[in-house]
Amino acid sequence: MKKLSVMVLLLSFMGVLFAQKNVTVDEAKALIKKEKKLIVVDVRTPREFEAFHLDNAIMIDYYSPTFKQDLAKLSKKQPILLYCRTGRRSGEALQMMKEMGYTKVYNMLGGITQWK
């Protein structure tokens, strides 16, 4: 029984260390407030970004030929919140970042459309 408790605790701790998941807009807002070192990444086009974007967001255009290389420049030590218009592009970016070894990445479901 003690081994089981230790295992559950360990898995819970790993869930915090390796958070790669989809989050709701409300969860994203909570992350922005809680995580002081959070990197907010808008993967929409420059035109979409100029029209409206979250405060302190950086833009990395999903359609850019250097998209993956640009993502790779982000710190693997800091938590990252990804968003786009609806969550599709940022969801694909989340998968890419998982494959690249990022451990604290969140995709905002519904994207900026849901945020508004």
Legend entry - Cα-based Rg / Dmax (Å) for the range 33-92: 11.2, 33
Inset, instruction - At 7 Å along the Cα-to-beta-carbon direction for both Glu35 and Phe52, put a label point, then send me their distance in nm to one decimal. - result: 2.3
Legend entry - Size of the range 10-115 as Cα extents on the principal axes (Å, biggest first): 44, 29, 22
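Since every read-out is calculated from the coordinates, none of them should be taken as a lab result. It should be emphasised that the depicted structure is a prediction, and the values quoted were computed from it without experimental measurement. Note that we place each Cβ from the backbone using ideal geometry, even for glycine, and neighbour counts take in every protein chain shown.
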